[in-house]
Amino acid sequence: MRISRGIVCECSGVSACPDGSANSTCTTQPGGYCFVTVEEVLDDNGLVVLERTAGCLPPDESGFMQCKSSQVPHQHPKVIECCEKDYCNRRLRPQLPEPPPDVTETPGLRPTATVPHTALVAAALCVALLAFLGAFWLLFRMRRKGCKRPPSPPAPAHHAEISSGSGSGLPLLVQRTVAKQIQMVESIGKGRYGEVWLARWRGEKVAVKVFFTTEEASWFRETEIYQTVLMRHENILGFIAADIKGTGSWTQMLLITDYHENGSLHDYLQTVVLDTHGLMTMAYSIVSGLAHLHMDIFGTKGKPAIAHRDIKSKNILVKRNGQCAIADFGLAVRYVAERNEVDIAPNTRVGTRRYMAPEVLDEKLDVTNFEAFKMADMYSLGLVLWEMCRRCTTGDKAQYVEAYALPYHEYVPSDPSFDDMHTVVVGKGIRPPQPARWKSSATLQALAALMAECWHHNPPVRLTALRVKKTLAKFRAESAVKLV
Ligand code: ADP
Ligand code: MG
């Protein structure tokens, strides 16, 4: 007979312990289960460690969790065990199955290194400690933000290499659950690498990017970048989960993020006219997102510097509060400070030709120098600022703005070739023209000067994102004083 009340379970790990749970316990809904999973994840050194997660399962999720299954297909080894009595999962010790002697390597999974037992135990303890600290931090953040969604997972996904290794953040189990609970609503956008859908998750709107089957590298890269430690920022698209489904013959790669009903900046600017305040808010938010991306934060759990490599108005989303969020990290590169190395994206994808910096068009960008990627991002940012300024009113004539246009629209055809862009940007040294009316607005004048310093031919002369951010902050503060 099933118990009519919920049962109490041990919980551990960020996902499994609900907000405010006492003594590392949770209570299931009536008919729910306690569970324990053990799975292999990679630590920072690429060694395989075991990660144990314990918690409560609602009755309706038990099917998905496959309580009695020992292995989820298409993944690295993992076991889920469930039970139905108070605290019963304290005693569960799931064992991973011995790998068959002739295991052929699963594509995308690194070969597993053998580690001594003591190292395994020590690593597991570290993982547990980090998970606990991570949970604490996320709880603190959620409290402050009054956020009702469970913390988004910056944690290991199903692909072994995606593992950030620390075990902090939502484990695979929850990411998979989220992916399973998604209901697709309608297609809202197509890019080069996938189709983006509006979907629902537990009544909330989310965006789901479904990658084309040929674009596994982009999915992999984007997921990896989103799960980078300290990546979350209000001006970077909020990551929720990633999942890969399918059998040997087909796979579906999903990336679930926050949904922004205003769509991309490119679409938004077609119809919306900005005032100087709106323009400043947008510009400041984009450059704040980029400055955060470019910044490296030192320390053992610091953030590596990241360059985007495909900054353009179609890869920036407009939030409801008038700020923007940078999206589409399929091309991004990270700087590994300890090794003084750029971890080049493993895919062959290149950025958008129209927004390519002169040194990229000239094939002179030094790919071993991380700063060079940041400088190329700044060039593209300059073009985005130009797109926005055209749509900003000046003076009293509220509707006097330029029509929306892509940068270099008057110089190159609609899908410009590499050579088209090279001739204009490198050969003739042309940059987008700045209309005379901009001179009548202090805001537009300030932005016009900044964009010109961003798209300078000589990369080291360009402003950094942090410099642009500080200049805009100062400008805003000064204008506020003048208005008083
Ligand atoms: P791709 O890598 O294929 O270029 P993107 O991530 O750039 O894919 O998304 C393609 C388009 O889908 C964007 O230009 C935008 O119009 C729309 N889009 C993407 N993510 C969201 C989102 N979270 N909310 C609303 N629209 C989105
Ligand atoms: Mg895109």
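FYI, it's all coordinate maths here, none of it is from the lab. Just so it is clear, the model here is predicted, and its values are computed rather than measured. Neighbour counts are summed over all protein chains in view; Cβ atoms, including those assigned to glycine, are modelled from backbone coordinates with ideal geometry.
Mind putting a number on the dipole of segment 440-484 about its Cα centre? Charges go on the C-beta only, +1 for Lys and Arg and -1 for Asp and Glu, and I need it in Debye to the nearest 20.
That gives a dipole near 160 debye.
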Semi-axis lengths (Å, descending) of the ellipsoid that matches the C-alpha gyration tensor of segment 368-408: 31, 10, 4
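Calculate how large, on average over all directions, the projected area of the Cα convex hull of segment 309-348 is; give the answer in nm² to one decimal. Don't jump to the answer; show the numbers that get you there.
On the way: hull surface 15.6 nm².
Approximately 3.9 nm², given one-decimal rounding.
Please give the contour-minus-distance gain from Val272 to Arg91: 0.36 nm per residue of separation, less the Cα-Cα distance, rounded to one decimal in nm.
Details: separation 181, 0.36 × 181 = 65.16 nm, distance 5.98 nm.
Contour length minus the Cα-Cα distance gives 59.2 nm.
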Virtual spin-label span in nm between His409 and Asp343, 7 Å along Cα→Cβ: 3.9
Sites Gln29 and Gln252, calculated FRET efficiency, Cβ-Cβ separation with R0 30 Å, nearest 0.05: 0.50
Potential extension, Glu261-Gln183 segment - 0.36 nm per residue separation minus Cα distance: 26.4 nm
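Restricting things to alpha carbons, find the Rg to Rh ratio for segment 325-484 using the Kirkwood radius for Rh.
Values: Rg = 17.4 Å, Rh = 17.4 Å.
Answer for segment 325-484: 1.00.
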In segment 281-335, trypsin sites (Lys or Arg not before Pro) in a DSSP loop with at most 13 other beta-carbon atoms within 10 Å: Arg320
Listed residue (Val342, Leu361, Ala325) projecting farthest to the positive dipole end of segment 268-417, Cβ model: Ala325
Using distinct alpha-carbon pairs, which all enter the 1/r mean, Kirkwood radius of segment 223-288 in Å: 14.7
Shape box of segment 258-392 [Cα atoms, principal axes, largest first, Å]: 46, 37, 23
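When a/c is below 1.5 the answer is rounded, else prolate if a/b is larger than b/c, else oblate, so apply that to segment 391-484 with a ≥ b ≥ c taken from the square roots of the Cα gyration tensor eigenvalues.
Values: a/c = 3.11, a/b = 1.47, b/c = 2.12.
Verdict is oblate for segment 391-484.
Ile188: net charge of surrounding residues, Cβ under 12 Å, Lys/Arg +1, Asp/Glu -1, itself excluded? Mind showing how you got there, number by number?
Details: positive: Lys190, Lys205, Lys209; negative: Glu186, Glu195, Glu261, Asp267.
That works out to -1.
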Per residue convex hull volume, Cα atoms of segment 185-241, in Å³: 97
Efficiency of FRET from Cβ geometry, Glu478 and Asn321, R₀ 30 Å, rounded to 0.05: 0.85
For segment 282-346: rounded, prolate or oblate by the Cα gyration tensor [a/c cutoff 1.5]: oblate
Dipole of segment 334-484, positive end: most advanced residue of Ala465, Phe370, Cys389 [Cβ charges, Cα centre]: Cys389
5 angstrom amide H check on Ala242, placed H, neighbours 5+ away: Ile256
